[in-house]
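A quick write-up on the structure given underneath.
FYI, it's all coordinate maths here, none of it is from the lab. Computed from a prediction, not measured in an experiment: that's the story for all the values here. Cβ atoms come from the backbone with ideal geometry, glycine included; neighbour counts cover every protein chain shown.
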Amino acid sequence: MPRPDYGLGNGLMAPASQAAAGQTYSLYNEAVGQMLDSNSFGGNAITWSPNGSSYQRWTESPVPGATGVQLRDSARGRCLEAPSSTGEPVALAVCNQYTPTQRWKLVVEGDNTLIARASNPGEVIGATGGNGQVRLETKTNSRSQRWVVSPG
């Protein structure tokens, strides 16, 4: 997937730290060549081929008085929710600002971003393969854990 240059003329992505509250963006995983997607029948987040749909757009919603943000899908308004342990799928759930497992931090590392649990940045979202569920993993810096953030 080509990387926009944001007017810099150098092909660099805007850092995720510049994503303002309420900004909508897509998250692309280069390891599987797919987008973070919410259009699944099993209630879990998946990766899917880029198609520009609202299932592949996410809005960062601040949680008053808490660390981290909720990531809401633009199609149904559901939030990413971490499972109780690593190795398990990341769920899509009704957003509740009082649910700590729905709080995330976008951590910029080079040209990529990790989606880390706000309460434990050593746990991140990783892609499991093409058209597969994403899961909570222990941070290893593998390509499957790195996401490219694009506006829109």
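Check which residues have an amide H placed less than 5 Å from Ala45's amide H, if you skip close sequence neighbours.
The list, which skips near neighbours in sequence, is Val90, Ala91, Leu92, Val134.
Which value in nm describes the separation of the simple spin-label points at Phe41 and Thr24, placed 7 Å from the Cα toward the beta carbon?
Computed distance between label sites Phe41 and Thr24 equals 2.7 nm.
Under a 10 Å cutoff between Cα atoms, tell me which one of Val107, Val90, Val124 has the largest fluctuation in the Gaussian network model of the chain.
Highest fluctuation of the listed residues: Val107.
Can you list residues from other chains, or at least 5 along the same chain, whose modelled amide H is less than 5 Å from the amide H of Glu123?
When sequence neighbours closer than 5 places are left aside, the close amide H contacts are Arg117, Lys139.
Which net charge results for the neighbourhood of Leu136, defined as the other residues with beta-carbon distances under 12 angstrom from its beta-carbon, given Lys and Arg at +1 and Asp and Glu at -1?
So the surrounding residues net to -1.
Let me understand the chain better: what is its radius of gyration from the alpha carbons, and its Dmax, in angstrom?
For the chain, the Cα-based Rg and Dmax read 14.0, 43 Å.
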